[in-house]
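Structure, as structure tokens:
The values are calculated or read from the model by the stated rules, or taken from the named source; none is laboratory data. Given the structure is predicted, the values throughout are model-derived calculations rather than measurements. Ideal geometry is used to build each Cβ from the backbone, glycine not excepted, and the neighbour counts take in all protein chains shown. To get the accessible areas, we keep the full protein, side chains included, count just its heavy atoms, and leave off ligands, DNA and RNA. Shrake-Rupley method; radii C 1.70, N 1.55, O 1.52, S 1.80 Å.
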Amino acid sequence: MDFLDASRWQGRIFSGSWKPGSGGTYDAVEPATGTTLAQVGAASAADVRSAAESAAEAQRSWAALPYDQRAAVLRRAAQLFVEHEDEIHDWLVRESGATRPFAGFQTRSVAAEECWEAAALAGQPYGQLLRSNQPRLSMSRRRPVGVVGVISPFNAPIILAIRAIAPALALGNAVVLKPDPRTAVSGGAVFARIFEEAGLPEGLFHVLPGGADVGAALVDDPQVPVIAFTGSTRAGRAIAKAAADRLKRVHLELGGNSALLVLDDVDVERAVSVGAFGSFNHTGQICMATSRHLVDARIADDYAAALAEHADRLAVGDPYREDVALGPVIDEGQRDGIHRLVTDSVSSGARVRSGGEYEGLFYRPTVLSDLEVTAPAYAEEIFGPVAPVVAFDGLDEAVRLANCTEYGLSLGILTRDVMKGLDLADRIPSGLVHINDQTVNDEAIAPFGGVGDSGTGSRHGGAEANLEAFTETQWVTVRGELPAYPF
């Protein structure tokens, strides 16, 4: 039987085992063709309650295991991502519209690495000795929070779930995952199969595809004290408000409107290649995509012209059946939102250098110039293959333009003078900064997160961030004898 054979999971959710969801079923659809790929089981709020109870019960035994037993499960999960990557890639390509290189990046480069890093995290020191003015041993230690709720999006369904799932499990927690219903197989069933085969004890991991009602039930459930959410800023705000009523911790990785600053000392052709990848990779459906190209006025026109030439050469089509650079956007709503930003910007005076058109869900890579900073394609998150180019005169104006946003996720600076780049980075609030690279970067060992409307800071990546995200700190003291009190 194939690893992802549909007879195992089709029409079912995973909650300790494969079972029908009380929300019925719905179609998993291939964006490129509109073909129904499978029937997916849908969860309801009742399934959330049941899963949270099961997870809370199973978590206690899991947390009590020796750390090396938890690490062994994570190491096996990493190996399974590698062993079955071809099957997983096929689902990523067909269900999410990813190109095959981007699918490969999600599995071997990120998912497997996240699991290996999490396996190492299980054996990290979990506390420290503290000084005390009393005759006692004083220490702090990290304890698992219990059950972690993970709500993940469609655009990079493997990456944006595993970076919370793996460390949460390694640190002794159970996990309830609600994947985006549009990628419930590649972003849900895949994980269930991975951890099922890796030997994770029953009841620790649950996959509940569903709509906003399922996410709301997960946020509201009293047995889920921590929520890790990746998605839009609008949805993140709603989750934060709902979680606040229950005094829950939320880790929010939200939208972006990331700038790429291009100084006049760069090689323009190489800079354009960097910028094109930042804007057009995965059809621009990446939270840290290069959304604004801020270019020194002395080279801005040459840069925009060259960027348009690059865009014109990029093949757009079905990534499962063709060798293309860009696949489809996820659905009509996404496409129409992208096109609205482009057409409204053109109406306000922007010039289309390339693209600005679509066929079905295939949106051509688009280059805009001559924009005002109030133009929608400059001021709003695009989440599509659109590259607005805006000229600046002097570094002070570059900083002003870069800061003309409520977001603060990623920043790229291209210059031969790296010290100048570091100085610019100090003046532009951003969770991630990449000097002489585009804005889209991710590594399992690196802290990841944004500021402002981009989220609540670096809550993923690296031992320090993961310990902070998925454990509670407990103070413990030990005395050799009972103390004497005056009562």
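A few points about this structure:
- Equivalent ellipsoid semi-axes, the chain, via Cα gyration tensor eigenvalues times 5, rooted, Å: 40, 29, 19
- For segment 4-136, pairs of C-alpha atoms spaced more than 26 angstrom apart make up 46 percent of the total.
- Count Lys and Arg as plus one, Asp and Glu as minus one, and take only other residues whose Cβ is under 14 Å from that of Trp18; the net charge is then -1.
- Distance from segment 367-420 to segment 468-487 (C-alpha centre basis), Å: 52
- Accessible area (Å², per residue) of the chain, counting only protein heavy atoms and a probe of 1.4 Å: 41
- Cα centroid separation, segment 189-211 to segment 93-140: 18 Å.
- Ranking Val175, Val418 from most to least accessible surface, computed with a 1.4 Å probe over the protein chains only, gives Val418, Val175.
- Rounded to the nearest 10 Å², the accessible area of Asp370 at probe 1.4 Å: 100
- Straightening the chain between Leu395 and Glu269 buys 43.2 nm, computed as 0.36 nm per residue apart minus the Cα-Cα spacing.
- For segment 171-262, the C-alpha radius of gyration sits at 1.23 times the compact-globule guess of 2.2 N^0.38 Å, with N the residue count.
- CD proxy at 222 nm, helix term only [per DSSP H run n ≥ 4: -39500 (n - 2.57); per residue of the chain; nearest 500]: -11000 deg cm²/dmol
- Relative contact order of the chain, taken over Cα pairs closer than 8 Å and 6 or more residues apart, is 17 percent.
- Taking the 1.4 Å solvent-accessible surface of the chain as the whole, the part contributed by carbon and sulfur is 49%.
- Rounded to whole Hz, the Karplus (6.51, -1.76, 1.60) HN-Hα couplings of segment 161-174, x for glycine and proline: 10, 5, 5, 9, 4, 5, x, 4, 5, 4, 8, x, 9, 9
- Here the spin labels are modelled as points 7 Å beyond Cα on the Cα-Cβ line, and at Asp437 and Leu129 they lie 4.0 nm apart.
- Among 452-465, 130-143, the order from most to least packed when residues are scored by Cβ within 10 Å on average: 452-465, 130-143
- With the charge dipole of the chain set up from +1 on Lys and Arg Cβ and -1 on Asp and Glu Cβ about the Cα centre, the Cα lying farthest toward the positive end among the listed residues Ala198, Gly187, Leu80 is that of Ala198.
- Charge sum, other residues only, whose C-beta stays under 15 Å from Thr233's C-beta, Lys/Arg counted +1 and Asp/Glu -1: -2
- Arg12 long-range amide H proximity, modeled H, under 5 Å: Gly41
- DSSP assigns beta bridges within segment 76-214; of those with both partners inside it, close to 35 percent run antiparallel.
- Convex hull volume of the Cα atoms of segment 281-326, normalised per residue: 66 Å³.
- Between segment 424-457 and segment 240-316, the alpha-carbon center distance in angstrom: 12
- Global geometry of segment 358-447, whether rounded, prolate or oblate, following the gyration tensor of its Cα atoms and the 1.5 cut on a/c: oblate
- Averaging 1/r across all pairs of distinct Cα atoms in segment 105-242 and inverting the result yields a Kirkwood radius of 16.2 Å.
- Two-site label geometry, Asp86 and Phe3: point separation in nm, points 7 Å out along Cα→Cβ: 1.1
- Note on segment 232-313: semi-axes of the ellipsoid equivalent to its C-alpha gyration tensor, largest first and rounded to whole Å, are 37, 13, 8.
- As a calculated quantity, the FRET efficiency between Glu57 and Asp301 at R0 = 51 Å, using C-beta atoms, amounts to about 0.20.
- Taking the DSSP bridge list for the chain and keeping only pairs wholly inside it, about 45 percent are antiparallel.
- Proportion of all alpha-carbon pairs of segment 251-355 beyond 15 Å (%): 69
- 5 angstrom amide H check on Leu37, placed H, neighbours 5+ away: Ala28, Val29, Glu30
- ³J(HN,Hα) computed for each position of segment 446-454 - Karplus, 6.51 cos²θ - 1.76 cosθ + 1.60, integer Hz, glycine/proline x: 9, x, 9, x, x, 10, x, 6, 8
- Amide proton proximity set for Gly146, modelled H, under 5 Å, gap of 5+: Ala174
- Residues in segment 81-89 carry Karplus couplings, in order, of 4, 6, 4, 10, 4, 4, 5, 5, 4 Hz; the curve used is 6.51 cos²θ - 1.76 cosθ + 1.60 with θ = phi - 60°, and Gly or Pro positions show x.
- With a cut-off of 12 Å between beta carbons, the residues surrounding His89 carry a summed charge of -2, where Lys and Arg count +1 and Asp and Glu -1.
- Cα-projected label distance for Leu137 with Leu65, points at 7 Å along beta-carbon direction, nm: 2.7
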